[in-house]
Amino acid sequence: DFAIEHLSPTKETYRVSEWTALALKSRVCLFEGTFRKYHGLDDADYYLAECVSAAGTFIEKSGYTIYKSGSTPYLNLFSSINAISSEIILARAFNTAIGLKHDVNGYLTGTTMGRPGLLKNIANMYLMKDGTPFTSQPGWETMQLPDESKNRDGRFAQTVRTPGYKRIDDDKESAPNLAATMTGYQLVKFLLPAKYDAYQASTSDMPLFRTAEVYLNYAEAKAELGTLTKDDLLISIDRIRDRAGMKGLDMAAANANPDPFLLACYPNVTKSENTGVILEIRRERTIELVMEGLRMW
């Protein structure tokens, strides 16, 4: 709170500001509030309300937006050499001239270490383009990638290689390289052009705080408090979904028919009239923040 009061309101991508502090407060308070709620501890609602207050102030006053330029804006946000400051609140700068480089390309292409890949249970969470669950499609359990990737949430093909994928700055289609992934879902989020594939050759800035997370924090805290409204979704979840070419979240429909797949993923979610929408916000958090180290907690 002291930092929020005293830091500059000037947006600076590589220095903390009032908006960074508000984003951090929303992150910390959502964690603390939900931890207390789901572990039977006191003061859960206090922290959830503090999250709502911080995130609400950010949404109302910061001027940050969801980046939507180009045909693949979600992919481009994480593949930009320089942090896109319209959405990214704070980033770690990397620069060859001063010897600051990382190895995201080598890691994702399997040329330097590991064979990372999206897990199947996460792949299953991506909705169909019409908003229905993938796991409600006939034969979804054994569907192969060419069929599985059809008519999905736009972030699916901007997170993993799907048929027709082309690397940035390349007109040639690149099929998934199964030698580079253990799961069959080869990750492309954060992947740069091929010229950065050598060991420790990547120089893209790394986002630390971005607007979409604050939107998610706001919606989840309000849902857990039982105060979420359609208008709240319009200024949070729906803005994130719009970038992916998805329609907004229907709270009434979600609460009337909670997704059985999500119920199995999150069996401890408190059963209430908001169970369905809490599950859908957790789905949205998983899909939007995958690979950013923010979902598990």
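The values are calculated or read from the model by the stated rules, or taken from the named source; none is laboratory data. The shown structure was predicted, so the numbers you read here are calculated from the model rather than taken from an experiment. Cβ atoms come from the backbone with ideal geometry, glycine included; neighbour counts cover every protein chain shown. We work out accessible area using only protein heavy atoms, side chains counted, and drop any ligands, DNA or RNA first. Shrake-Rupley method; radii C 1.70, N 1.55, O 1.52, S 1.80 Å.
Below is a table of values for the structure above.
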| read-out | value |
| --- | --- |
| Residue in segment 198-216 that is farther than 30 Å from THR20 by Cα and either touching a strand residue (DSSP E or B) at 6+ places or on another chain (Cβ under 7 Å) or surrounded by fewer than 19 Cβ atoms within 10 Å (Cβ to Cβ) (or both) present | yes |
| Residue tally, condition surrounded by 17 or more Cβ atoms within 10 Å (Cβ to Cβ) and either of a type outside the set (A, V, I, L, M, F, W, C) or part of a loop (DSSP other than H, G, I, E, B) (or both), over segment 224-251 | 11 |
| Residue that is least open to solvent (accessible area, probe 1.4 Å), among those in segment 43-70 that are assigned to a loop (DSSP other than H, G, I, E, B) and among the small types (Gly, Ala, Ser) | SER62 |
| Set GLY106, GLY117, GLY131: member being crowded, with 19+ Cβ neighbours inside 10 Å, of a type outside the set (Lys, Arg), part of a loop (DSSP other than H, G, I, E, B) and in contact (Cβ under 8 Å) with a residue 24 or more places away in the chain | GLY117 |
| Residues of segment 194-246 satisfying the condition of being among the β-branched types (Val, Ile, Thr) and at pLDDT 95 or above | THR211, VAL214, THR227, THR229, ILE235, ILE237, ILE240 |
| When residues of segment 20-37 are limited to those that are open to solvent by 20 Å² or more (accessible area, probe 1.4 Å) and of a type in the set (A, V, I, L, M, F, W, C), the one farthest from PHE58 (Cα to Cα) | PHE35 |
| Scope segment 27-42; condition assigned to a helix (DSSP H, G or I) and either under 30 Å from ARG167 (Cβ atoms) or not polar (S, T, N, Q) (or both); matching residues | ARG27, VAL28, CYS29, LEU30, PHE31, GLU32, GLY33, PHE35, ARG36, LYS37, TYR38 |
| Set LEU90, LEU75: member being touching a residue at least 24 places away in the same chain (Cβ under 8 Å), within 17 Å of the chain's Cα centre (by Cα) and not in a strand (DSSP E or B) | LEU75 |
| Residue in segment 257-274 that is nearest to the chain's Cα centre (by Cα), counting only those that are buried (at least 19 other Cβ atoms within 10 Å of the Cβ) and either more than 19 Å from GLN137 (Cα to Cα) or among the hydrophobic types (A, V, I, L, M, F, W, C) (or both) | LEU262 |
